[in-house]
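These notes concern the structure reproduced below.
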Amino acid sequence: MLKKLLMSGAFAIPFFFSAQETSSPEPKISIIPSVGYAWRLAKMPGGISRETREYLKGLKSGMNVDISAYYHLKGDGAIGLKYSNYFASSDGRIAVQDLNGQIVSGFVSTKDNITFVGPSYMFSNFKQDTKHKLYYDIALGVITYTTKTGTVKGTGSSLGMEANFAYQYAITNQILVGPKLGATAGTLSKMKYNGTTIDFGEEREGLSRLSLSLAATFRF
């Protein structure tokens, strides 16, 4: 009987080591790019013409892309860096008041760009044995607004924040895909237009937006 057990054990040992060698370690790095659409939350000013309102509506929604990279810690947390970019454009006729108090109108074309970059923390169930993955992250960093109308270019930067929540399905242990809901927050108290600083006072420029994207996670 003992002889049979020893022979069985000797026969099983090569298969045991083979299984140990084929098991892969848990990925430590996650790269998460996403692309989608976003809507700015700032209210439009009152008392404007229909043409101006239609022009401004074109700048209140646009494409939203971002990418983040994370290093996974022990447990379910991860630290990393996040970058996002919102861009929108609009053409239309607007009416403004000149220095003499006269109302003048003209056709304008504007391109807006809002970027965010900063350190981020993510919490996920990526390490759990399930095809259904969830994660949320939050980042604090610098939010920058660039707007260009004709030859006039305005820029401004401030402290900003981003937060995201996503569901992803694990195609493999290394590739996850699914929808992501995001929020970006930030305001500007002043901007530079062609080198001249304009202080908004209490009328701050709102940069907050909501986004809906398709995100993919690549784990290494």
Inset, instruction - Rounded to the nearest 10 degrees, what's the angle between the helix 2-22 long axis and the longest principal axis of the chain, both from Cα atoms, 0 to 90? - result: 20 degrees
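Just to make sure I understand: if all protein chains stay in place, what is the order of 32, 79 by accessible area at 1.4 Å, largest first? Intermediate values should be presented prior to the final figure.
Values: 32 0, 79 85 Å².
Descending accessible area places them as 79, 32.
Roughly speaking, what is the stretch gain from residue 210 to residue 189, that is 0.36 nm per residue apart minus the C-alpha to C-alpha distance, in nm to one decimal?
On the way: separation 21, 0.36 × 21 = 7.56 nm, distance 2.10 nm.
Roughly 5.5 nm would be gained on extension.
Could you work out what % of the accessible surface of the chain is carbon and sulfur, using a 1.4 angstrom probe and leaving DNA, RNA and ligands out of the count? Show your work: numbers first, answer last.
Working: 8580 of 13350 Å².
Using a 1.4 Å probe with all protein chains present, the chain comes out at 64 percent carbon and sulfur.
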Inset, instruction - Just read off the accessible area of residue 137 with the full protein assembly in place, 1.4 Å probe, to the nearest 10 Å². - result: 0 Å²
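On full extension of the chain, what length is gained from residue 121 through residue 81, given 0.36 nm per residue of separation minus the C-alpha to C-alpha distance?
Stretched out fully, the residue 121 to residue 81 stretch lengthens by 13.6 nm.
What order do 208, 84 take when sorted by accessible area (1.4 Å probe), most exposed first?
Values: 208 35, 84 0 Å².
Reading off the accessible areas and sorting them downward yields 208, 84.
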Inset, instruction - Calculate, for the chain, the solvent-accessible area per residue in square angstrom, rolling a 1.4 angstrom probe over the heavy atoms of the protein chains. - result: 61 Å²
Legend entry - Overall Cα dimensions of the chain - principal axes, largest extent first, Å: 108, 27, 26
Inset, instruction - Sort 171, 94, 198 from largest to smallest accessible area, using a 1.4 Å probe on the heavy atoms of the protein chains. - result: 171, 198, 94
Inset, instruction - Enter the accessible area of residue 210 (Å², nearest 10), with the probe set to 1.4 Å and all protein chains included. - result: 80 Å²
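For the chain, what is the calculated [θ] at 222 nm in deg cm²/dmol (nearest 500), taking -39500 (n - 2.57) for each run of four or more DSSP H residues and dividing by its residue count? Each step should come with its number before you reach the end.
Working: 2 runs with 29 residues, N = 220.
Taken over the chain, the calculation gives -4500 deg cm²/dmol.
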Inset, instruction - Obtain the nm distance between the two label points defined at residue 111 and residue 131 by a simple spin-label model: each point lies 7 Å from its Cα along the Cα-to-C-beta direction. - result: 4.4 nm
Inset, instruction - Determine, from the Cβ-Cβ distance of residue 89 and residue 48 and an R0 of 22 Å, the FRET efficiency 1/(1 + (r/R0)^6), rounded to the nearest 0.05. - result: 0.70
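The values are calculated or read from the model by the stated rules, or taken from the named source; none is laboratory data. Predicted, not measured: the structure shown is a model, and the values here were computed from it. With ideal geometry, Cβ positions are generated from the backbone for all residues, glycine too; neighbour counts draw on all protein chains shown. Quick note on the areas: whole protein, heavy atoms, side chains included, nothing else; ligands and nucleic acids left out. Shrake-Rupley method; radii C 1.70, N 1.55, O 1.52, S 1.80 Å.
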